[in-house]
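Scroll down for the structure; my scribbles are underneath it.
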Amino acid sequence: MIEREAAVTFQGQPLTLVGQEKHSGDTAPEFTVLDDTLAEVGLKDFKGRVCLISVVPSLDTPVCDLQTRRFNQEAAGLAEKVAVLTISMDLPFAQKRFCSAAGINRVQALSDHKLASFGKAYGILIKELRLLSRGIFVVDEQGIIKYAEYVAEITNHPDYDAALAAVKSLL
């Protein structure tokens with residue numbers, strides 16, 4: 001497995017990302033994550049839909065919380081054919097509790113804790129912490145990545161406007 005040393009930082013400290021970096025135009029890799037019932041979910045389950053995939057280290061942190069709330073709010077104005085997903089290493093039970101308490105009802109929270117399948121496939125798994133780095137991917141209905149952002153300093157916010165523009169360009 002490819003390792004990209006100093007690919008991102010956490011509070012200025014360099015970290016290694018595991019897996020190949022993905023770019024606009026790449027075929028989106030399949031992955032296996034868990035939903036809040038512990039059922040396996042993959043990209044194939046969203047076939048024919050545009051996917052906005054918001055990746056966060058942990059929902060229980062301020063920036064991740066705000067990122068998830070922002071996309072939940074934005075999802076209200078997007079077409080039904082758009083699936084808005086948040087993927088983290090948080091346990092499915094913690095994700096469900098967070099979403100319930102925060103009123104997150106338009107974003108589907110998915111957990112990569114079991115296999116780190118998403119993290120490795122999208123090159124966003126932090127080797128040193130076994131957490132996912134912050135990023136956003138927009139995948140079109142044919143399974144092609146149309147937007148990819150790896151946030152260089154994981155305590156910073158992603159470019160929400162650019163990600164949303166990428167989604168809207170596919171509608």
Original post:
Label LYS81 and MET1 with points 7 Å out from Cα along Cα→Cβ: what is the distance between them in nm?
Top reply: 3.5
**OP:** For each of LEU43, LEU115, count neighbouring Cβ atoms within 10 Å of the residue's Cβ, then give the residues from fewest to most.
**Re:** LEU115, LEU43
Original post:
Hey, fewest Cβ within 10 Å first, where do SER58, SER111 land in order?
Top reply: SER58, SER111
Subject >> Largest-first ellipsoid semi-axes for the chain, taking √(5λ) over the Cα gyration tensor eigenvalues, angstrom >> reply: 21, 18, 16
Subject >> Ranked packing of 145-151, 86-92, most packed first, by mean Cβ within 10 Å >> reply: 86-92, 145-151
Original post:
Gain in length, ARG130 to THR61, computed as 0.36 nm per residue apart minus the alpha-carbon separation, to one decimal in nm?
Top reply: 23.2 nm
**OP:** For LYS120, list the lysines whose Cα falls under 27 Å from its own Cα; do not include residues on the same chain fewer than 8 positions away.
**Re:** LYS22, LYS44, LYS47, LYS81, LYS96, LYS146
Original post:
Check VAL8: other-chain or 5+ apart residues with amide H under 5 Å from its amide H, H built from backbone geometry?
Top reply: LEU15, LEU17
Subject >> Residues whose placed amide H lies under 5 Å from that of ASP90, excluding near-sequence neighbours >> reply: LEU59, ASP112
**OP:** Using Cα centres only, tell me the gap between the range 145-171 and the range 51-96 in whole Å.
**Re:** 13
Original post:
Which ³J(HN,Hα) values, rounded to whole Hz and listed in residue order, are derived for the range 95-104 from phi using the Karplus coefficients 6.51, -1.76 and 1.60 in 6.51 cos²θ - 1.76 cosθ + 1.60 with θ = phi - 60°, glycine and proline given as x?
Top reply: 4, 4, 5, 4, 4, 5, 5, 8, x, 7
Original post:
Across bins of 5 angstrom width beginning at 0, how are the C-alpha pair distances of the range 1-43 distributed, in whole percent?
Top reply: 6, 17, 15, 16, 19, 18, 9, 1
Original post:
So between ASN105 and SER169, what do we pick up on full extension, going 0.36 nm a residue minus the alpha carbon distance?
Top reply: 20.7 nm
**OP:** Using only the Cα atoms of the range 87-171, construct the convex hull and provide its projected area averaged over every direction, in square nanometres to one decimal.
**Re:** 6.4
**OP:** For the chain, calculate the relative contact order in percent as a whole number, restricting contacts to Cα pairs under 8 Å that are 6 or more residues apart.
**Re:** 31
Original post:
Can you list the HN-Hα couplings for the range 9-20, worked out from phi with the Karplus curve (6.51, -1.76, 1.60; θ = phi - 60°), rounded to whole Hz and with x for Gly and Pro?
Top reply: 10, 10, 6, x, 8, x, 10, 9, 9, 9, x, 6
Original post:
Cβ under 10 Å from THR16's Cβ, THR16 left aside: what net charge do those residues give with Lys, Arg +1 and Asp, Glu -1?
Top reply: -1
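Computed from the coordinates by the stated procedures, all read-outs in this text should not be read as laboratory data. As the structure is a prediction and not an experimental result, all values here were calculated from the model. We place every Cβ from the backbone using ideal geometry, glycine too, and count neighbours over all the protein chains shown.
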